[in-house]
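The values are calculated or read from the model by the stated rules, or taken from the named source; none is laboratory data. A quick note: this is a predicted structure, and the numbers were derived from the prediction, not measured. Glycine also receives a Cβ, built like all others from the backbone with ideal geometry; neighbour counts cover every protein chain displayed. The area values use the complete protein model at the heavy-atom level, side chains included, leaving out ligands, DNA and RNA. Shrake-Rupley method; radii C 1.70, N 1.55, O 1.52, S 1.80 Å.
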Amino acid sequence: MDIVILVGIYGMVINLVLFIMMGVDKRRSKRGSWRIEEKKLWGIALAGGALGGWIGMSVFRHKTKHTSFKFGFPILSLFYIAGAAYLVYRFYL
């Protein structure tokens, strides 16, 4: 299988994972239940899920007052999008 396709599948999965984690953490925060640690959220974001986390922040209105999340996830997302664009350019154009 082509490396670009594998990276694309990985990106979709890791972003979906962080998106779901943001929703689960928001629901847990409303219930006063056990929460997902911020360092775990950041770990998934650094592993490539920043865009999913950023979208999750908007959809679930979660972590929007935390400056590190508010600016960190979008900046990381731009780096990953640039990397994906480079892969497409490098292997297909």
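Some points to look at:
- Meets criteria (assigned to a helix (DSSP H, G or I), touching a Gly at 6+ places or on another chain (Cβ under 9 Å) and open to solvent by less than 60 Å² (accessible area, probe 1.4 Å)) for GLY23: yes
- Residue in the stretch 30-48 that is buried (at least 18 other Cβ atoms within 10 Å of the Cβ) and in contact (Cβ under 8 Å) with a residue 60 or more places away in the chain present: no
- Checking each residue in the stretch 1-19 for being under 10 Å from the mean Cα position of the chain (by Cα) and in contact (Cβ under 8 Å) with a residue 24 or more places away in the chain picks out GLY11, ILE14, ASN15, LEU16, VAL17, LEU18, PHE19.
- Among the residues making up the stretch 58-93, those that are in contact (Cβ under 8 Å) with a residue 40 or more places away in the chain and open to solvent by 80 Å² or more (accessible area, probe 1.4 Å) are VAL59, TYR80, PHE91, TYR92.
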